[in-house]
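Enquirer: So that we are looking at the same thing, I have put the structure below in structure tokens.
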2 protein chains.
Amino acid sequence: MNSYPFGSGRPDPNSFPNRGLADAAMRILPELGGELALYPGPRGYEPMRKLMSDRFERREGGGLPVDQISLTTGSMQSVTLMAQYFVEKPGDTIIMEEFSYSGTIGAYKKEGAELIGVPLDEDGMRMDALEEAISSATARGKKPKFIYALVTYQNPTGSIMPLDRRKELLDIAHKHDIPVVEDHCYADTVYEDCHVPSLITIDHEATVLHIESLSKILGPGVREGYFSGPEPIFSEILALRRDGGPSTLNAAICYEFFREGLVDHLASINGIVKEKRDLMFKKLGEHPDAFEWFSRPKGGLFIWVKLPDATDVITCEQAAESRGIDYATGKAFHVYHDDVPYLRLAFGYATLDQIEEGIPLLAECVLEHQG
Amino acid sequence: MNSYPFGSGRPDPNSFPNRGLADAAMRILPELGGELALYPGPRGYEPMRKLMSDRFERREGGGLPVDQISLTTGSMQSVTLMAQYFVEKPGDTIIMEEFSYSGTIGAYKKEGAELIGVPLDEDGMRMDALEEAISSATARGKKPKFIYALVTYQNPTGSIMPLDRRKELLDIAHKHDIPVVEDHCYADTVYEDCHVPSLITIDHEATVLHIESLSKILGPGVREGYFSGPEPIFSEILALRRDGGPSTLNAAICYEFFREGLVDHLASINGIVKEKRDLMFKKLGEHPDAFEWFSRPKGGLFIWVKLPDATDVITCEQAAESRGIDYATGKAFHVYHDDVPYLRLAFGYATLDQIEEGIPLLAECVLEHQG
């Protein structure tokens, strides 16, 4: 059976730089000397942190100090550390977008947190709704421990929060003295000129923790991510690590590969993935009866698709699965796990042929499952 | 100032196979194809798990099924996962050797556990004391959640628990229905023929979780370890992972390096480290007034040294530090953190010259700080 892998957020597999990484390993490993016989410490391999700090400076204008960066096993370890730090007891609340990354929702629920979803519009989290959510939680004695936000290429909706709203978000966080965890893991997957500075660069008052990842531009099999934030919180979060620190071997190879090749690598993979995104836009647009509306993200790896309200999302998913179509249900990203008439399509991993053939098949599934 | 690094348990830095790992990366990475663009899953790169399973079969006679191995960030992540799984609430008890690995003591305290130390003799944990500790904890409503044991090349004492006592330990664990976590992280650092089968291979009734590490034979900067155990506990522990799984890049390079080279690598590094161990024995033996007694471990990376009871261990440590001598205090390994008149010397990392010169200097420090 043909397969149509539109489910998981993975980069293009054929552009993965296996040879480039191998060459990087060949150059850097002999230079490391006895460094691999040492514990890496909770921050990890310093040249990689320096490279990420420089990269951030070039992209965002602001700075992440090298000593305030800690490398982690993908960004998932960073995401989890935030809850381990801020959530003190079961039932403590965390505010996030009403639709958010399913991995984060699962991890924070495992930490025992109560999640509060803030409705979104085309510009991301709504600020009136954020104020309301904070007031309401605080009124019942559950002042939120932090706000988790995907303000750049929101997952799953693809939206970009405009600068004014970012400032408003930080003002609200500051006013209520609530930290903000900014998950910036899609920052380098960008297909159109649309840069908006990250929260941590524009902030001067609220507490912002910042998370990034190489999973979207290199591959999640490499498990390389990092977080940054102000002292003393940064060091206190580091103290929660229980893994002896991040692999120097892993970090050193990534460092060497990206040291001179980052710009070229991004141009190459983003070019390839943009073509897939554009084809998905085109194919989705050919079936307006099945795909009533869909997002047109300028970055990230996902398109958020509105189905007809009458769609039986459960039987539709089963039918798609039986035809080899893998996608993510809206429910998986809904903080309260409702059966919403949405689905999320990932466009990085599938081939152009799979998109060309799979989207019309998916439209058939949707239309065949109207209640 | 000269330095005498006898503190941390690290392998010989000069024998680290940087070139071998680089060659391994060069061979394996082009073969991985798009695999690095996939999430590794909670078990991690299968060929590495297969290699570790085969290795275990050759060394121990028994088997660790490939599907019941999960690769982790060093063995520390494995050690921590055990407490995250078994410890349900603060104050739950864990039984361990009275002197045990300081990293484990710290990690388990962070999980909120109450640690119960079982006295050791030259053959490891004393079984009469284990029975007594279990009964006493159970009588006060705190039946231990698990027994954490370093039965092979115990850290810090270097002892090896004989087969009969291992069987007795498992009988006691079975009788009281308490799981055993066997930290086997030194299993491959062996300098004399002294093999005793691991608990997980001789066990047929008690629940045994088994932990191994590459940190002692390759380097802690590589952060590669794993654990195994019976179902359904194994899968339930996997579900506690919050890091998106272990790095395929890291694991694939280690796999390729060890695929054909493990036996030679072990012969080479263990030969180098044995020479250091033997020199440390010799130098310690020349100062019986300072080093009243010391262990003569057949494996592992540490010698446990008894100082005169009158030693002021705090001022002695300060004096040693001022002369560049780094060692670990007995207190760091004591479950109740007492100022015991012991210290632990690591013999893998320092050079022969540093041992030759440093041990007499350390003897001076000890003798100068008698109360």
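Bear in mind these aren't lab numbers, they're just calculated from the coordinates by the rules spelled out. As the structure is a computational prediction, the values presented were derived from the model and not from experiment. Neighbour counts run over all protein chains shown; Cβ positions are idealised from the backbone, glycine included.
Enquirer: Mind jotting down the distance between the C-alpha centroids of the stretch A:287-321 and the stretch B:10-56, whole Å?
Expert: Computed from Cα coordinates, the inter-centre distance equals 39 Å.
Enquirer: Can you compute 3J(HN,Hα) from phi for each residue in the stretch B:133-150, using the Karplus curve 6.51 cos²θ - 1.76 cosθ + 1.60 with θ = phi - 60°, rounded to whole Hz and x for Gly and Pro?
Expert: For the stretch B:133-150, the Karplus-derived couplings read 5, 5, 4, 5, 5, 5, 4, 9, x, 10, 3, x, 6, 6, 9, 9, 9, 9 Hz, x marking Gly and Pro.
Enquirer: While we're on this one: In the Gaussian network model of chain A, springs joining C-alpha atoms below 10 Å, which of A:35, A:356, A:182 carries the largest mean-square fluctuation?
Expert: Among A:35, A:356, A:182, the largest mean-square fluctuation in the Gaussian network model of chain A belongs to A:35.
Enquirer: Report, in deg cm²/dmol and to the nearest 500, the calculated mean residue ellipticity at 222 nm for chain A, where each DSSP H run with n ≥ 4 adds -39500 (n - 2.57) and the sum is divided by the residue count.
Expert: Details: 11 runs with 154 residues, N = 371.
Result for chain A: -13500 deg cm²/dmol, rounded to the nearest 500.
Enquirer: Quickly work out the residue B:353-to-residue A:135 label distance, labels modelled 7 Å from Cα along the C-beta direction, and quote it in nm with one decimal.
Expert: Computed distance between label sites residue A:135 and residue B:353 equals 7.3 nm.
Enquirer: Take B:365, A:254 and order them by how many other Cβ atoms sit within 10 Å, fewest up front. If you can, show how the numbers build up before the last one.
Expert: Values: B:365 21, A:254 24.
Ranked by crowding around the Cβ, least crowded first: B:365, A:254.
Enquirer: Let me ask something additional. So for the stretch A:18-261, Kirkwood radius off the Cα pairs, Stokes-Einstein at 25 °C and 0.890 mPa s: how many µm² s⁻¹?
Expert: On the way: Rh = 18.5 Å.
Translational diffusion coefficient: 132 µm²/s.
Enquirer: Chain A: which residue's Cβ hugs the A-to-B rotation axis most tightly, distance rounded to whole Å?
Expert: In chain A, the Cβ lying nearest the symmetry axis toward B is A:25, 2.
Enquirer: Another question about this same structure. In whole percent, what relative contact order does the stretch B:58-113 give with Cα contacts below 8 Å and a gap of six or more residues? The partial results should precede the final answer.
Expert: Details: 24 pairs, mean separation 22.4, N = 56.
Reported relative contact order: 40 percent.
Enquirer: Output, in nm with one decimal and in ascending order, the distances from the residue A:110 label point to the matching label points of the other copies (7 Å from Cα along Cα-to-Cβ).
Expert: 1.6
Enquirer: With label points built 7 Å along Cα→Cβ from the Cα atoms of residue B:322 and residue A:142, find their separation and express it in nm.
Expert: Taking the simple label geometry, residue B:322 and residue A:142 are separated by 5.8 nm.
Enquirer: Positive end of the charge dipole of the stretch A:223-314 (Lys, Arg +1 and Asp, Glu -1 on Cβ, about the Cα centre): tell me which of A:288, A:240, A:230 has its Cα farthest that way.
Expert: A:288
Enquirer: Here is a follow-up. How big is D, in µm² s⁻¹, for the stretch B:242-353 by Stokes-Einstein at 10 °C and 1.306 mPa s if Rh is the Kirkwood radius over C-alpha pairs?
Expert: Details: Rh = 16.7 Å.
Roughly 95 µm²/s, to the nearest whole number.
Enquirer: What would the Debye equation give as log₁₀ I(q)/I(0) for the protein assembly as shown at q = 0.05, 0.10 Å⁻¹, counting only Cα atoms as equal point scatterers?
Expert: Relative scattering, expressed as log10 I(q)/I(0), comes to -0.27, -1.04.
Enquirer: Could you check which residue among B:38, B:64, B:249 shows the biggest mean-square fluctuation in a GNM of chain B with a 10 Å Cα cutoff?
Expert: Taking springs between Cα atoms under 10 Å, the residue moving most is B:38.
Enquirer: Explain nothing, just the number: relative contact order of chain B, from Cα pairs under 8 Å at least 6 residues apart, as a whole percent.
Expert: Numbers: 719 pairs, mean separation 99.0, N = 371.
Once normalised by length, the contact order is 27 percent.
Enquirer: Right, next: Report for the protein assembly as shown the percent antiparallel among DSSP-assigned beta bridges with both residues inside it, nearest 5.
Expert: On the way: 44 of 78 bridges.
About 55 percent, rounded to the nearest 5.
Enquirer: What gaps in nm, shortest first, separate residue B:259 from its twins in the other copies when you place the label 7 Å past Cα toward the beta carbon?
Expert: Sorted ascending, the copy-to-copy spacings read 2.7 nm.
Enquirer: What whole-number distance in Å separates the alpha-carbon centres of the stretch B:348-370 and the stretch B:129-183?
Expert: That distance is 35 Å.
Enquirer: Give me, ordered by chain and number, the residues 5 or more places off residue A:148 or on other chains with an amide H under 5 Å from its own placed amide H.
Expert: A:95, A:96, A:181
Enquirer: Ok, one more. What translational diffusion coefficient, in µm²/s and rounded to a whole number, does the Stokes-Einstein relation yield for the stretch A:1-156 at 4 °C and a viscosity of 1.567 mPa s, taking the hydrodynamic radius as the Kirkwood radius over Cα pairs?
Expert: On the way: Rh = 19.1 Å.
It comes out at roughly 68 µm²/s.
Enquirer: So, one more: Mind telling me which of A:314, A:253, A:355 comes out most flexible in a GNM of chain A, alpha-carbon contacts under 10 Å?
Expert: A:314
Enquirer: Ratio of alpha-carbon Rg to the 2.2 N^0.38 Å globular estimate for the stretch A:141-235, to two decimals, please.
Expert: On the way: Rg = 13.9 Å, N = 95, 2.2 N^0.38 = 12.4 Å.
That works out to 1.12 for the stretch A:141-235.
Enquirer: Determine ³J(HN,Hα), in whole Hz, for all residues of the stretch A:108-118 in sequence, where each value follows from phi through the Karplus function 6.51 cos²θ - 1.76 cosθ + 1.60 and θ = phi - 60°; x replaces Gly and Pro.
Expert: 6, 5, 4, 6, x, 7, 9, 9, 10, x, 9
Enquirer: How crowded by other chains is B:253-263, given as the mean number of beta carbons from other chains within 10 Å of each beta carbon?
Expert: Numbers: counts 7, 1, 0, 0, 0, 0, 0, 0, 0, 0, 0.
The mean count of partner-chain Cβ atoms within 10 Å per residue comes to 1.
Enquirer: Taking a spot 7 Å from the Cα of residue A:192 along the direction of its beta carbon, which residues of the stretch A:246-275 have an amide N less than 20 Å from it?
Expert: The answer is A:267-275, whose backbone nitrogens lie closer than 20 Å to the label point.
Enquirer: Suppose you put the label 7 Å out from Cα in the Cβ direction; list, shortest first and in nm with one decimal, how far residue A:91 is from each other copy's label.
Expert: 1.8
Enquirer: Hey, what did the stretch A:125-210 get for relative contact order, percent, Cα under 8 Å, at least 6 apart? If you can, show how the numbers build up before the last one.
Expert: Values: 102 pairs, mean separation 26.5, N = 86.
Worked out over the stretch A:125-210, it gives 31 percent.
Enquirer: In this model, which of B:216/B:274; A:110/A:143; B:110/B:306; A:175/A:331 are farther than 25 Å apart at the alpha-carbon?
Expert: Numbers: B:216/B:274 13 Å; A:110/A:143 20 Å; B:110/B:306 29 Å; A:175/A:331 32 Å.
The answer is B:110/B:306; A:175/A:331.
Enquirer: Quick one: if the Förster radius is 30 Å, what FRET efficiency do residue A:123 and residue A:263 give, using the C-beta to C-beta distance and rounding to 0.05? Don't skip to the end; give the middle numbers.
Expert: Values: r = 29 Å, r/R0 = 0.98.
Step by step, r from the Cβ atoms, then E = 0.55.
Enquirer: Kindly work out what percent of the DSSP beta bridges joining two residues of the stretch A:18-261 are antiparallel, to the nearest 5.
Expert: In the stretch A:18-261, DSSP labels about 40 percent of beta bridges as antiparallel.
Enquirer: Treat the count of other C-beta atoms within 10 Å as a stand-in for reagent exposure and order A:72, B:80 from fewest to most. Present the calculation step by step, with values, prior to reporting the outcome.
Expert: Values: A:72 27, B:80 23.
The fewest-first ordering by Cβ neighbours comes to B:80, A:72.
Enquirer: Explain nothing, just compute: Karplus ³J(HN,Hα) = 6.51 cos²θ - 1.76 cosθ + 1.60, θ = phi - 60°, for every residue of the stretch B:47-58 in order, whole Hz, x for Gly and Pro.
Expert: x, 5, 5, 5, 4, 5, 5, 5, 4, 5, 4, 5
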